[in-house]
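Chemist: Pasting in a structure now, in structure tokens, and then I'll have a few things to ask.
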Amino acid sequence: MSSNKNSTEESPSLAGVVVGAFSVIVLLASIAYTVILSVVNWAAINLLAYPVNAVAPFAVISGAILTIAIIVPTTLVTVNKTN
């Protein structure tokens, strides 16, 4: 990527880009997490009649997987912005 030194446009600050990207990704991940928990709740507890204690680890695992989905894009946006 080359920069144009004669341009009068200012690029957004690094902190603003990182916070914006992080906020959007966290919002999307929280929506996805809510949907996953609703599906697991419906399928495992309501439909198959599993006890809540048996289904609880799936919520923890889903949260861990979605954490990866938050960290990786935020890192990629940050690295792209700093180059």
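Chemist: Between residue 71 and residue 41, what FRET efficiency comes out of the Förster formula 1/(1 + (r/R0)^6) with R0 = 25 Å and r the beta carbon distance, rounded to 0.05?
Modeler: 0.45
Chemist: Tell me the per residue accessible area of the chain using a 1.4 Å probe; a whole number in Å² is fine.
Modeler: 77
Chemist: Computed FRET efficiency, Cβ-Cβ of residue 55 and residue 14, R0 41 Å: what is it to the nearest 0.05?
Modeler: 0.50
Chemist: Expressed in nm to one decimal, what extension gain is obtained for the pair residue 48 and residue 24 from 0.36 nm per residue of sequence separation less their Cα-Cα distance?
Modeler: 5.2 nm
Chemist: At a 1.4 Å probe, what is the % contribution of carbon and sulfur to the accessible area of the chain?
Modeler: 70
Chemist: How high is the relative contact order of the chain, in percent, counting Cα pairs under 8 Å that sit 6 or more residues apart?
Modeler: 49
Chemist: For a quick check, take a GNM of the chain with Cα springs below 10 Å and name the residue from 11, 23, 38 with the largest mean-square fluctuation.
Modeler: 11
Chemist: List the residues whose amide H sits under 5 Å from the amide H of residue 50, counting only those 5 or more places along or on another chain, with H placed 1.01 Å from N in the peptide plane.
Modeler: Counting only residues 5 or more places away or on other chains, the set is 45.
The values are calculated or read from the model by the stated rules, or taken from the named source; none is laboratory data. Everything numeric in this text was worked out from a predicted model, so none of it was measured. Using ideal geometry, Cβ is built from the backbone for each residue, glycine included, and neighbour counts are taken over all protein chains shown. Accessible surface is based on the protein model in full, side chains and every heavy atom, while ligands, DNA and RNA are left aside. Shrake-Rupley method; radii C 1.70, N 1.55, O 1.52, S 1.80 Å.
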